[in-house]
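Where a number appears in this text, it was derived from the coordinates with a stated rule and is not lab data. Keep in mind the model is a prediction, meaning the values are calculated, not measured. Cβ sites come from the backbone with ideal geometry, for glycine too, and all protein chains shown count toward neighbours.
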Amino acid sequence: MQAVATVNPNQSALAPRLLIGVAVAVTLLIVVAPLAYIFARAFAEGWRVYAANLMHPATVHAIWLTSIVALIVVPINIAFGIAAAWAIARFRFWGRGILVTAIEIPFSISPIIAGICYLLLYGRQGLLGPWLQANDLQVMFALPGIVLVTMFVTAPFVAREVLPLMQAQGSEQEQAAVTLGASGWQVFTRVTLPNIRWALLYGAVLCTARAVGEFGGVSVVSGNIRGQTNTLPLHVELLFNDLNATGAFAAASVLTLLALVALVVKAALEARRGA
Amino acid sequence: MTAVAAPIRAKRVLPGFTLSLGTTLLYLTVIILIPVLALILKGAEIGPARFWAIVSAPRAVAAFQITLTAAAIATAFNAVYGLLMAWVLVRYDFPGKRLLDALMDIPFALPTAVAGLSLTALFSANGWIGAWLEPQGISVVYTIWGIALAMAFTSVPFVVRTVQPVLEDLDPALDQAARTLGASEVTIFTRVVFPQILPAWLAGCTIAFARSLGEFGAIVFIAGNLPFKTEIAALLAFIRLEEFDYNGAAAIALVLLFFALVLLVVSNRLQAWAARHRGA
Amino acid sequence: MKHGLIKAAVLAASLGVAAPVAAQDSILNVSYDIARELFEALNPAFIAKWKADTGRDLTIDQSHGGSSRQARAILEGLAADVVTFNQETDIDVLAEGGLLPADWRDKLPNGASPYYSLPAFLVRAGNPKNIQDWSDLAREDVAPIFPNPKTSGNARYTYLAAYAYGLEQNGGDHAKAQEFVKAILSSVPVFDTGGRAATQTFAERELGDVLVTFEAETGGIAREYADKGFERVTPSLSLFAAFPAAVVAENAEKKGTTEVATAYLEWLYSPEAQDILAQNFYRVNDAEVSAKYAADFPEVRLVTVDEVFGGWDAIRAEHLADGAILDQVFVNQ
C-alpha cells in the first residue's frame with residue numbers, strides 16, 4: 001500500500017469528510033448489512049440450534065462436496081493460469097489478443113448459460129450424450145459435471161491476476177537465467193515463481209472463493225440429489241425451501257465465513273506484496 | 001516500454017512456448033470453447049427465421065429491455081459509488097480505511113445466491129431496511145429496483161478495482177501544480193484527475209455492465225419474476241429450459257452471449273487504451 | 001492408481017456377492033418440489049419394511065424440484081430409479097424419451113396414482129379478506145400467491161381449476177372463463193418458479209392474502225407455521241390432481257434396482273403408507289384411512305382433467321403450447 005494520502009492542509013476538511021461519510025454509509029447499507037443479516041438469522045435460535053444445523057449429515061456432506069470440488073478445480077486452474085500467462089506474456093504469436101478475450105469469456109457469461117452449454121454437450125440428449133451412454137459414463141448430475149461447470153466459471157481468475165504482472169515485469173531475468181544455462185524448469189521455479197507468487201496466491205484465493213460459491217451453473221447440472229450432489233450454495237437454497245430458514249442461514253454463514261477468510265488472506269497477501 | 005519489446009527477443013530465448021500455449025489452448029478448447037460451440041450449434045439448428053421469432057417475441061424483448069435497464073441503473077450507480085470508493089480509498093487517510101478496502105471484495109467472494117437471499121430478506125417489507133423504506137412508498141424487492149440492487153451489489157468491485165490502481169499511479173505533482181496555479185478542487189478533479197482515469201473508469205463500468213447482464217443467482221430471489229415487469233433474460237432462458245424448450249433457451253442464451261462478447265471486446269480495447277494512456 | 005481403483009471395485013463387487021449380510025440397495029426417487037416432508041416421513045418406514053422382508057439395507061436418495069424441471073433432468077441423464085410427480089404429462093415426457101413404457105399408467109392401481117390432492121387455499125389468521133371461493137381471488141382487493149404456471153405443475157393445476165370454475169359459473173363460455181382467469185392472474189404480485197418458493201413468499205415474506213397450492217401443502221404449512229394462525233380454505237369446486245408414480249425402467253434395469261423400485265411404489269398403496277400420506281394431508285383411496293382422517297379433508301366437488309378439458313393432450317395443445325390460452329391470459333396481460 002503506498003501512502004498517497006495527499007489531503008491538502010489548506011483545504012477545508014469538510015469535503016473529504018463528506019465523501020468518506022457517504023462512501024462508508026453506502027457500504028454499510030449495501031455490503032455490511034447483508035453480511036450482518038446472515039449471521040443474525042443464523043444465530044436467531046441460539047448457538048445450539050446453529051451447531052445442530054451445521055452438524056446435520058446433509059450439511060456436512062454439502063461442505064465436504066464443495067471442498068472436493070474446490071480441491072480439484074483450483075489446482076487445475078492455477079496450472080492453466082500460469083501456462084496462459086507464460087504463453088501470452090512471454091511470446092508473440094498470431095491471435096494473442098483473441099486468446100486474452102477468450103480467457104475472459106466466463107467472466108461475462110451468465111453461469112446459467114454455462115450450465116446450459118454443458119447440458120447441450122454432455123446431457124443424455126446432448127452432442128456427446130449417446131457416446132457417454134454407450135460407455136456408461138455419468139457426467140451430468142454427478143461430480144464430473146459440477147467440477148466441469150465450476151472450472152468454466154472460475155477459469156479466468158488466476159490468469160487474470162498473473163498475466164498483467166508478468167507483462168509488467170518483463171522477461172530480462174528469465175532470459176539472463178537461460179543464457180546462464182538454466183533449464184526451463186529451473187527458470188520457472190527459481191526466477192518466475194518467486195516473482196509472481198503473491199499474484200498467484202491472490203488469484204488462487206479469488207478462484208477458491210468463486211468455486212466454493214458457484215450457484216447458477218451448478219444448479220443446472222447438479223440434479224439436486226440431497227446428500228449426494230448438493231453443493232453448499234445449493235444446500236442453502238434447499239434448506240430455505242425446506243422451510244428451515246435458520247438452517248439455510250447457518251449454511252450461508254459458513255459460506256460467508258469462507259468468503260471473509262479468503263478476504264483476510266487476500267489482504268495479508270497484498271500487504272506482503274506491497275512490502 | 002521494455003515489457004512490449006522483450007517478448008519479441010524472448011521468443012528465441014525462453015523455453016516452454018509449445019508447452020504453455022498447448023496447455024492453454026487445450027484447456028480453453030475443452031472447458032470453454034467446445035461447450036460454447038455446443039450452444040452455438042444448437043442455435044444454428046433453429047434456423048434464422050425461428051431464431052428471430054424467439055428473440056423478438058414480446059416477452060423476450062421485454063426481458064432483454066428489463067435486463068438492460070436494470071443493468072444500466074446498476075452501472076450508473078456503480079459508476080458514481082465505485083468512483084467515490086476508489087477516490088476515498090486512494091486519496092484520504094482515515095481510521096478503518098483498510099477494512100473499507102477489504103469490504104469492497106465481499107461481492108466477489110460472497111456466493112451470489114447468499115447475497116440474493118440476504119438482500120431480499122433485508123429489503124422486503126418486513127426486513128431491516130425494507131420496513132423503513134416501505135412506509136415512504138419505496139418498494140425495492142420484487143421491482144426493477146431490486147434487480148438493479150442485486151446487480152449493483154455483485155458488480156461494484158469491478159469499477160473500484162479497475163479505477164483504484166490508476167488513481168494510485170497518478171502523479172501527485174500534477175495536482176500540486178494545478179493547485180499552485182489556483183485551481184479549485186473541483187477543477188482539479190474534472191480537468192486534471194478525471195481525464196486520466198477516464199479510460200479505466202469506462203473499462204470498469206463496461207465490465208460491471210457485462211457482469212450485471214449475466215447475473216442470475218442473486219436476482220432470482222429478489223426479482224418478482226413477473227413476465228413483462230421483472231423477468232430478466234437469464235431467468236427466461238432458465239424457464240425455457242424448464243419447459244423443455246431447448247431452442248428457446250439456446251436462442252436467448254446466444255443473445256446474452258453476443259452482448260457479453262461485444263462488451264468484453266469493448267472493455268479490453270478500453271483497457272489497452274488505458275494502459276497506453278498510463279504508459280505515455 | 002487406475003489399477004488400484006479397479007481392484008477395489010472388483011473387491012467390493014465380490015464382497016457384495018459373497019456376503020449377503022452387507023447387502024446394500026440404493027435407489028434415487030426424483031420428486032416434485034413440495035414432497036420434501038412427505039418422503040422424509042415415508043422413506044424410513046419402507047426402509048424398515050424392506051429390511052424385514054429381504055434382510056437388505058436400503059438407502060433412498062431424494063431430489064426435489066419443479067416436476068417439469070425434474071423430468072428434464074432425467075431426460076438429460078439424472079439417474080432416477082423412480083419418479084413421484086404431480087404431473088402426468090411429465091411422466092409422459094419420460095415415456096416419449098424412451099425411459100419407461102408408454103403404458104406406465106397400467107403398471108400400478110388407480111392410474112399409477114397412489115394418492116391425490118387438489119388446489120386449495122391458505123389464508124391469513126382470521127381470514128381478514130373473507131376468501132371462500134375462486135371468485136374471491138378475482139376481487140381487486142385480493143392478492144393471490146401461486147407460482148409461475150409455465151414452470152410449476154402446482155400452479156398449472158391452480159390455473160386449470162380456476163378455469164374450470166370460470167367455465168361452470170359462466171355456463172361453459174370459454175371467453176368468460178378466460179376473462180375470469182386473467183383477472184386472477186393479473187393480481188398476483190410475484191410468480192416464483194416453484195411451489196415451495198411461493199409458500200416462502202406467502203409465509204416468510206408475508207406477501208399476498210391467499211396462497212393457492214395443493215391441499216397437502218396448505219395443511220402442512222398451517223401446521224408448520226402454527227404460530228402465524230394461517231387457516232385452510234377449501235373452495236366449492238376444485239380439480240382432481242393425480243400424483244403419479246413410475247419406475248424409470250431404463251435406469252432401474254441398468255442399475256439392477258427394478259425389484260426394489262417396484263416394491264417401493266407398490267408399498268405406497270399399503271395401509272401403512274396411506275396412513276402416513278393422510279397424516280401429510282394427501283387424500284388417499286384406502287377407505288379405512290380415509291375414514292380415520294375424514295376431519296382433515298372437507299367435502300369438495302372434484303372435477304377431472306378428462307371431464308372438463310378432454311385430457312392432458314388437449315390441455316397441452318389448447319392451453320400450454322406456445323401462444324395458446326395460458327400465454328394469452330398470463331403473459332400478454
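Peptide B:36-48 has a mean of 4 when you count, residue by residue, the C-beta atoms of other protein chains within 10 Å of its C-beta. GNM on chain C, alpha-carbon springs under 10 angstrom: the most fluctuating residue among C:ASP313, C:ASP90, C:ASP286 is C:ASP313. Any aspartates and glutamates with Cα under 12 Å of the C:LYS176 Cα? List them, leaving off those in the same chain fewer than 8 positions away. The qualifying aspartates and glutamates are C:GLU168. Quick one: if the Förster radius is 60 Å, what FRET efficiency do C:ASP173 and C:THR59 give, using the C-beta to C-beta distance and rounding to 0.05? For R0 = 60 Å, the calculated efficiency reads 0.65. Under a Gaussian network description of chain B, with springs only between Cα atoms under 10 Å, the residue in B:ILE219, B:ILE207, B:ILE54 that fluctuates furthest is B:ILE54.
Under a GNM of chain C (C-alpha, springs under 10 Å), which listed residue has the highest mean-square fluctuation: C:ASN43, C:ASN170, C:ASN251? Per the Cα network of chain C with a 10 Å cutoff, C:ASN170 tops the list.
At a Cα cut-off below 14 Å, give the aspartates and glutamates reachable from C:LYS228, other chains included and same-chain residues fewer than 8 away excluded. Partners within reach: C:GLU204, C:GLU206, C:ASP209. With the convex hull constructed from alpha-carbon coordinates only, the stretch A:196-247 shows a mean projected area of 4.7 nm² over all directions. The alpha-carbon of C:LYS49 sits under 16 angstrom from the alpha-carbons of these aspartates and glutamates, leaving out residues fewer than 8 places away in its chain: C:ASP25, C:GLU40, C:ASP57, C:GLU259, C:GLU266, C:GLU272, C:ASP275.
About its Cα centre, what dipole magnitude does chain C give when the only charges are +1 on Lys and Arg Cβ and -1 on Asp and Glu Cβ, stated in debye to the nearest 20?
Numbers: 28 positive and 47 negative charges, 165 e Å.
Dipole magnitude for chain C comes out near 800 debye.
Judged by the ratio a/c of the largest to the smallest principal axis of the C-alpha gyration tensor, the stretch C:266-333 counts as prolate, that ratio being 1.5 or greater while a/b is larger than b/c.
For a Förster distance of 60 Å, can you work out the FRET efficiency between the beta-carbons of B:ALA183 and C:GLU206, rounded to the nearest 0.05? Mind dumping the intermediate values first?
On the way: r = 55 Å, r/R0 = 0.92.
Given R0 = 60 Å and the Cβ-Cβ separation, E is 0.60.
Per-residue mean of foreign Cβ neighbours for A:251-257 is 3 (Cβ atoms of other chains, 10 Å radius). Here's how it looks for C:VAL210: its modeled amide H is under 5 Å from those of C:ALA143, C:ILE145, which are all 5 or more places away or on a different chain. Counting Cβ atoms of other protein chains within 10 Å of each residue's Cβ and taking the mean over peptide B:205-218 gives 4.
I need the shape label for the stretch C:166-278. Rule: rounded when a/c is under 1.5, else prolate if a/b > b/c, else oblate, with a, b, c from the alpha carbon gyration tensor.
Values: a/c = 2.15, a/b = 1.59, b/c = 1.35.
Prolate.
Could you work out how far apart the two model spin labels at B:ASP93 and C:ASP306 are, taking each label as a point 7 Å from the Cα in the direction of the beta carbon, and quote it in nm? The two pseudo-label positions are separated by 8.4 nm. The stretch C:114-167 and the stretch B:97-167 have Cα centres separated by 34 Å.
Classify chain C from the C-alpha gyration tensor, please: rounded if a/c falls under 1.5, else prolate or oblate depending on whether a/b exceeds b/c. Before the final figure, lay out each step's value.
On the way: a/c = 2.09, a/b = 1.76, b/c = 1.19.
Judged from the Cα gyration tensor, chain C comes out prolate (a/c at least 1.5, a/b above b/c).
Taking 0.36 nm per residue of sequence separation and subtracting the Cα-Cα distance, how much length would be gained by fully extending the chain between B:ALA53 and B:PHE244, in nm to one decimal?
Working: separation 191, 0.36 × 191 = 68.76 nm, distance 1.74 nm.
Full-extension gain reported as 67.0 nm.
Across the stretch B:18-31, rounded Karplus estimates of 3J(HN,Hα) from the backbone phi angles (6.51 cos²θ - 1.76 cosθ + 1.60, θ = phi - 60°) give 4, 4, 5, 5, x, 4, 4, 5, 4, 4, 4, 5, 6, 8 Hz, Gly and Pro being marked x. Spin-label model, B:ARG191 to C:ASN285: label points 7 Å out along the Cα-to-beta-carbon direction sit 8.8 nm apart. Between B:LEU26 and C:GLU318, the modelled labels are 6.0 nm apart [label points 7 Å from Cα along Cα→Cβ]. One Cα centroid belongs to the stretch B:64-96, the other to the stretch A:103-167; the line between them spans 31 Å.
Express in nm, to one decimal, how much length is gained between A:LEU257 and A:TRP185 on full extension, taking 0.36 nm for each residue of separation and deducting their alpha carbon distance. Walk me through the numbers before you get to the answer.
Working: separation 72, 0.36 × 72 = 25.92 nm, distance 3.75 nm.
Full-extension gain reported as 22.2 nm.
Inter-part distance, the stretch A:193-213 to the stretch B:196-254, computed on C-alpha centroids, equals 27 Å.
In this calculation the C-beta distance from A:ALA176 to B:LEU68 is compared with R0 = 45 Å, giving a FRET efficiency of 0.30.
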